[in-house]
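Some notes on the structure that comes next.
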Amino acid sequence: MVAKGREASDLFPAVVKNVVSKNIEVKKLVYVYLVRYAEEQQDLALLSISTFQRALKDPNQLIRASALRVLSSIRVTMIVPIVMLAIKDAAADMSPYVRKTAAHAIPKLYSLDQDQKEELIQVLEKLLYDKTTLVVGSAVMAFEEVCPERIDLIHKNFRKLCSLLVDVDEWGQVVIINMLTRYARSQFTDPNLQDVDEDEESKRPFYEDENEVDEEQQEKRAPTLDPDHRLLLRSAKPLLQSRNAAVVLSVAQLYHHTAPRSEVHQVAKAMIRLLRSHREVQDIVLTSIAATATRRKVMFEPFLKSFFVRSSDATHIKLLKLEILTSLATESSVGIILRELQTYVAAHDPPFVAAAIQAIGRCASNIKEVTDTCLNGLVSLLSNKDQAVVAESVVVIKKLLQTQPSAHREIIIQMAKLVDSVTVPQARASILWLLGEYSERVPKIAPDVLRKMAKTFTSEEDIVKLQVMTLAVKLCLTNPKQTKLLCQYVLQLAKYDQNYDLRDRARFLRHIIFPADAESGGPTRLSKQAKKIFLAPKPAPVPESHFKDREQFQLGSLSHYINTKANGYQELPPFPLEAPDPKARDVETEPQVMEQAPLFTAKKVSSKKDSKFYSDTESPEDESEEDENSSDEDDDDDEEEEDSSSDKDEEEDDNEDEESSGLEEKLPKKVVKSNAKPKSDEEEEEDESDEDDSSSESVSDSDSEDESSEPSSVPKKQTRNAKPAKESTPVVKPKSNLDLLLDLDDVSPAFTPIMTPSLGGFLTPMSTPSSQVKTQLFPDIQPASAVISPNTTSELLNKINSSGLEIKYRFTRSPHLYSPSMASAELTFHNHGPDELTDIRVGEKPTSGGVSIHDFAPIPSLSPGSSLMGTIGVDFADSTQPVNFEIKIGSDRTYPVALKVPVGEVIRAVTMSEELFLKQQGGLRGMNENTAKLSLTKPCSDLKSLTNKILTVANLGVIPNSDSSTLRFAAQTLSSKSTVLVSLLSSDNQNLTITVNCEKMVIGSMLITQLKACLAD
């Protein structure tokens, strides 16, 4: 119930009782439930505090971790000391998983009681020193939540974090990289202070090979970085190949904010790869690219075609791609971009078309060489039938004409003629502004336009009225003889307008233009300077990207995406002018490592007995490390709610394999040989005692870890002279507390062939065919034969176009022998020509979209006047789109054909019980349900008379039902086996209600349309 999102808080008392259960599986489920509802039912959860405290000492690591998680989820200040003590104990636990849970509990306790900050920092400092990859990510997350300002805690761990970055789980990688980005900004100097400028960088050829650059130039270009700064960039670079989009974007923002300008281009290809992901990922990545492209054009220019808009893109994705294309436009690439933008203008998405026209205007403004070309293209759009296109073109042309108005008098005249036809307020206002600004270039047209606008002033939009008043004032100043009265009339109309902005503007303008009418009785200073005020030259607008001001936020963050500082956002610190002392990151050599290494080496080299003793095992210290790692794998099997633990465990297993293989290479050859046979003995022992010893071990480490658990019980001579597996006797060792940590479900080694009864013999298929999946999920759904096989034929190939060969087809509704997902079509070949036709066969077939064709048997010859039959199978992939392929005759004649399928032929009849039908129908509501009402021309006394009509249109199975006023039919789509349910309800003998429920919404919509058409006849 909890997993499905249902409310289960009422069951809290009953579930809490089971917290004392000795069954590990039950206890784990109870803890999962308690984590979910502990905060809501605090009083009842407090009653189990003693049980949780006992569970903190449980031998099983999962129980200890779950108990700590539940304890930290109870938000009651009374138990803060208990939780603090539990966190301290868990931080020193030998299991990495428990230490990771302790790190997760630290922010919870801090949010509950911030007075515990100093004690929590001490625990956190200990966790940050942890070298286990499972713990590091969680410890950094807790550091970011509790004390992000304590940068001194990172100094000693910086190099360790860089070295472990690749092995940490993906969630931890994102957290660590974001933290290290801020660390690098505060501890290293700006690498671009002495770097080349962006303009100089852009002079390089786009596809210049880095190896071809002169070494001297490369040395000049390469900035001098702090070794630790270089270590950070080098450690993060491999993560650009991560499958996780968040990890790739984190590395991209790290390079964007901290890397030298000459190295930032390395992240471009990885970011382009993310554009193949889901729509949500595309949105975030394109926003980041748009912000980056405003500063670094060269970075994405080689990938220009990746930003071309696809018809399947959502509108907001299209707009982002347009923004990027416009930002990347240069003199060399603007031709390609403009050709692409020209095709976008013909699209059927109004916001996208408007943005495409604006993008053309931006290209024309930024690149002077194409300004005239763009203007001519925009002027041609003024004759477009779409008013929205014309209006947007007018607005863009107005901005472009401000750059060089004297050279385009004809365009101003042409736009003045559009006043009568253009209805969009923004476009009409732009035309009036142009006429007022450049009225001296069209002295005869502007007064006439003002006269027309004065007539319709009261019915115009407010934005148009404001521009009419501005036009009247400017014309009154330049041509008072013709326009003075018109200006007074317009201002008088505006004086009594409902909009107070218009009324205020009218009074303001009247006092400036007509001071004699005012109370002052004479010209004022403003009226004397009226021409300088209204006719002053205005600079042309400079188009800028909307993403230019987002540089203040960290790339890829929520604040960057919404362009507003979000709650909890931490600003990036500026680079220091002088780098702090790098010695703060120097780490003293740990005494434990120095003691273990020579001790282990001495045992290998100095003493032969010791080397024999450790031939099958590793040192005790390594044994404890492997136990910890194997316990991590237990989490992989049993704890599904912890994110990304499986990836981390597999990486640790690979690392252990490399270490153990390297150890065997260093041992003497005799010792390595003696390891082989004892391994097989212990593998059999493990298989026999699978139920008793529930230790979960990975495939790669099962050999070495099994041996490390039993060296003391095997005599040295037996280890030296190992015997075959049958002669060896298993030695059972009692479980220790360390072994009980691994007391979870077993994982069988991959190299042990296990035959289960469910798999049968070697000839039994190992996987269920996809065509049977739906039937196995609902065993009561059985395929049924078609009740009616339609005789209607369609023409596939016309005899006139094919030298006399005519091909007709009909769908037989019988399963195709090659594949049950194919629709079987019967072909009839008839030779109407005078010549014999030879070698008739299928030519080129479709290779995409999931569509496949099984050819009909080739026809060696077809004599004149004769006919032959053939069968072709087509998998339409649950689509009604025509399938195009070729028919070949002989060696030189090829004819393209299109096989069209009615929607009723891409489904297959099935039968089921009435109860199952209603249950299936209840799960296919909402958008999966199509309903239509129909009135018959003649009353129908018996609904069953309509069955033949319905079965003729679609291959449906009749469902028996107890209601005489309802007909029910069922089918499944051929490819995906999606359920199709049809019900026909009659309220009287003439009015019908048709309902189609289908997982495939398109098929359901088309099917109900065909059923309506057939029943209406």
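The values are calculated or read from the model by the stated rules, or taken from the named source; none is laboratory data. Computed from a prediction, not measured in an experiment: that's the story for all the values here. Counting neighbours? That spans all protein chains shown, and the Cβs are built from the backbone with ideal geometry, glycine included. Ligands, DNA and RNA are stripped out before the accessible areas are found, and what is left, the full protein with its side chains, is counted by its heavy atoms. Shrake-Rupley method; radii C 1.70, N 1.55, O 1.52, S 1.80 Å.
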The one condition in (1) hydrophobic (A, V, I, L, M, F, W, C); (2) buried (at least 22 other Cβ atoms within 10 Å of the Cβ); (3) not in a helix (DSSP H, G or I) that Leu180 fails to fulfil: (3)
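Which of the residues spanning region 315-337 are among the small types (Gly, Ala, Ser) and assigned to a helix (DSSP H, G or I)? Walk me through it before giving the result.
Step one: of region 315-337, the residues among the small types (Gly, Ala, Ser) are 327, 329, 332-333, 335.
Residues satisfying the conditions are Ser327, Gly335.
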Matching residues in region 521-560 - criterion: being buried (at least 17 other Cβ atoms within 10 Å of the Cβ), in contact (Cβ under 8 Å) with a residue 12 or more places away in the chain and in a helix (DSSP H, G or I): Ser527, Ala530, Phe534, Arg550, His560
Check on Val395, open to solvent by less than 10 Å² (accessible area, probe 1.4 Å), at pLDDT 85 or above and in a helix (DSSP H, G or I): no
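Are any residues in region 804-858 small (Gly, Ala, Ser) and either under 18 Å from Ala877 (Cα atoms) or open to solvent by 60 Å² or more (accessible area, probe 1.4 Å) (or both), and if so, which ones?
Restricting attention to region 804-858, the residues satisfying the condition of being small (Gly, Ala, Ser) are 804, 814, 819, 821, 823-825, 833, 843, 848-850, 852, 857.
Passing the criteria: Ser814, Ser819, Ser821, Ala823, Ser824, Ala825, Ser848, Gly849, Gly850, Ser852, Ala857.
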Residues that are assigned to a helix (DSSP H, G or I) and open to solvent by 10 Å² or more (accessible area, probe 1.4 Å), drawn from region 271-281: Ile272, Arg273, Leu275, Arg276, Arg279, Glu280, Val281
Residue list for region 282-308, restricted to those being touching a Phe, Trp or Tyr at 6+ places or on another chain (Cβ under 7 Å), surrounded by fewer than 16 Cβ atoms within 10 Å (Cβ to Cβ) and of a type in the set (A, V, I, L, M, F, W, C): none
Whichever residue in region 414-425 is within 16 Å of Ser380 (Cβ to Cβ) and assigned to a helix (DSSP H, G or I) and, among such residues, is least open to solvent (accessible area, probe 1.4 Å): Met415
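Would region 369-385 turn up any residue that is of a type in the set (Val, Ile, Thr), within 15 Å of Gln426 (Cβ to Cβ) and assigned to a helix (DSSP H, G or I)? Step through it out loud before you land on a result.
Of all residues in region 369-385, those of a type in the set (Val, Ile, Thr) come to 370-371, 373, 379.
The next check asks that each one be within 15 Å of Gln426 (Cβ to Cβ); those that pass are none.
The answer is no; no qualifying residue exists.
Residues that are out of contact with any helix residue (DSSP H, G or I) (no Cβ under 6 Å at 6 or more places or on another chain) and over 24 Å from Val394 (Cβ atoms): which helices (runs of 4 or more DSSP H) entirely in region 426-499 hold 2 or more of them? Talk me through it step by step, then tell me what you get.
Details: elements: 445-455, 462-478, 480-495.
Counting at least 2 such residues, we get 480-495.
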Criterion: touching a residue at least 12 places away in the same chain (Cβ under 8 Å), open to solvent by 60 Å² or more (accessible area, probe 1.4 Å) and not β-branched (Val, Ile, Thr) - qualifying residue of Arg69, Arg36: Arg36
Long-range neighbours under 9 Å by Cβ, at least six apart or interchain, first residue under 9 Å from Asp113 (Cβ atoms) and without any contact (Cβ under 8 Å) to a residue 12 or more places away in the chain within region 76-88, second of a type in the set (Phe, Trp, Tyr) and open to solvent by less than 50 Å² (accessible area, probe 1.4 Å): none
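Does Ala877 satisfy being aliphatic (A, V, I, L, M), within 19 Å of Ser785 (Cα to Cα) and surrounded by 18 or more Cβ atoms within 10 Å (Cβ to Cβ)?
Details: aliphatic (A, V, I, L, M): yes; within 19 Å of Ser785 (Cα to Cα): no; surrounded by 18 or more Cβ atoms within 10 Å (Cβ to Cβ): yes.
Taking the combined requirement at face value, the residue does not satisfy it.
Of the residues Arg503, Arg525, Arg510, which is modelled with pLDDT of 85 or more, over 22 Å from Pro447 (Cα atoms) and out of contact with any Phe, Trp or Tyr (no Cβ under 7 Å at 6 or more places or on another chain)? So that I can check it myself, show each step before the final result.
On the way: Arg525 fails: modelled with pLDDT of 85 or more; Arg510 fails: over 22 Å from Pro447 (Cα atoms).
Checking each option against the conditions leaves just Arg503.
Being open to solvent by 40 Å² or more (accessible area, probe 1.4 Å) and assigned to a loop (DSSP other than H, G, I, E, B) is the filter; apply it to region 892-901 and report the residue that is farthest from Pro846 (Cα to Cα).
Pass one, region 892-901, residues open to solvent by 40 Å² or more (accessible area, probe 1.4 Å): 892-894, 896, 900.
Narrowing the set further to residues that are assigned to a loop (DSSP other than H, G, I, E, B) leaves 892, 900.
Working: Asp892: 21, Lys900: 14 Å.
That would be Asp892.
Looking at region 74-101 only, could you name the residues that are among the β-branched types (Val, Ile, Thr), under 38 Å from the mean Cα position of the chain (by Cα) and part of a helix (DSSP H, G or I)?
First, pick out the residues of region 74-101 that are among the β-branched types (Val, Ile, Thr): 74, 76-77, 79-80, 82-83, 87, 98, 101.
Next, from what is left, pick out any that are under 38 Å from the mean Cα position of the chain (by Cα): 74, 87, 98, 101.
The answer is Ile87, Val98, Thr101.
Those residues that are among the β-branched types (Val, Ile, Thr) and crowded, with 20+ Cβ neighbours inside 10 Å, I need them from region 220-262; list them, please.
Here is the first cut: in region 220-262, the residues among the β-branched types (Val, Ile, Thr) are 224, 247-248, 251, 258.
Of everything in region 220-262, those that are among the β-branched types (Val, Ile, Thr) and crowded, with 20+ Cβ neighbours inside 10 Å turn out to be Val247, Val248, Val251, Thr258.
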Failed condition for Asp462, given (1) surrounded by 17 or more Cβ atoms within 10 Å (Cβ to Cβ); (2) charged (D, E, K, R); (3) touching a Leu at 6+ places or on another chain (Cβ under 7 Å): (1)
Selection from region 439-459 of residues that are open to solvent by less than 50 Å² (accessible area, probe 1.4 Å) and either modelled with pLDDT under 85 or among the basic types (Lys, Arg) (or both): Ser439, Val442
In region 145-177, the residues that are assigned to a helix (DSSP H, G or I) and free of Cβ contacts under 8 Å to residues at least 40 places away in the same chain: Glu145, Leu153, Ile154, Leu161, Leu164, Val175
Hits in region 985-1002 (condition: surrounded by fewer than 22 Cβ atoms within 10 Å (Cβ to Cβ), under 24 Å from Thr880 (Cα atoms) and touching a strand residue (DSSP E or B) at 6+ places or on another chain (Cβ under 9 Å)): Ile994, Thr995, Glu999, Lys1000, Met1001
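For Leu127, are the conditions met, namely being within 30 Å of Arg243 (Cβ to Cβ), crowded, with 19+ Cβ neighbours inside 10 Å and over 32 Å from the mean Cα position of the chain (by Cα)?
For Leu127, the condition - within 30 Å of Arg243 (Cβ to Cβ), crowded, with 19+ Cβ neighbours inside 10 Å and over 32 Å from the mean Cα position of the chain (by Cα) - is met.
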Region 561-585, residues that are part of a loop (DSSP other than H, G, I, E, B), open to solvent by 40 Å² or more (accessible area, probe 1.4 Å), of a type outside the set (Lys, Arg) and free of Cβ contacts under 8 Å to residues at least 24 places away in the same chain: Asn563, Thr564, Asn567, Gly568, Glu571, Asp581
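Counting only residues that are assigned to a strand (DSSP E or B) and not aliphatic (A, V, I, L, M), which one in region 859-874 is surrounded by the most Cβ atoms within 10 Å (Cβ to Cβ)? I'd like the intermediate steps shown before the answer.
The initial filter retains those residues of region 859-874 that are assigned to a strand (DSSP E or B), namely 859-862, 867-874.
From what is left, the residues that are not aliphatic (A, V, I, L, M) are 860-861, 867, 870-871, 873.
Working: Pro860: 10, Ser861: 12, Ser867: 11, Gly870: 18, Thr871: 18, Gly873: 20.
Only one residue tops the list, namely Gly873.
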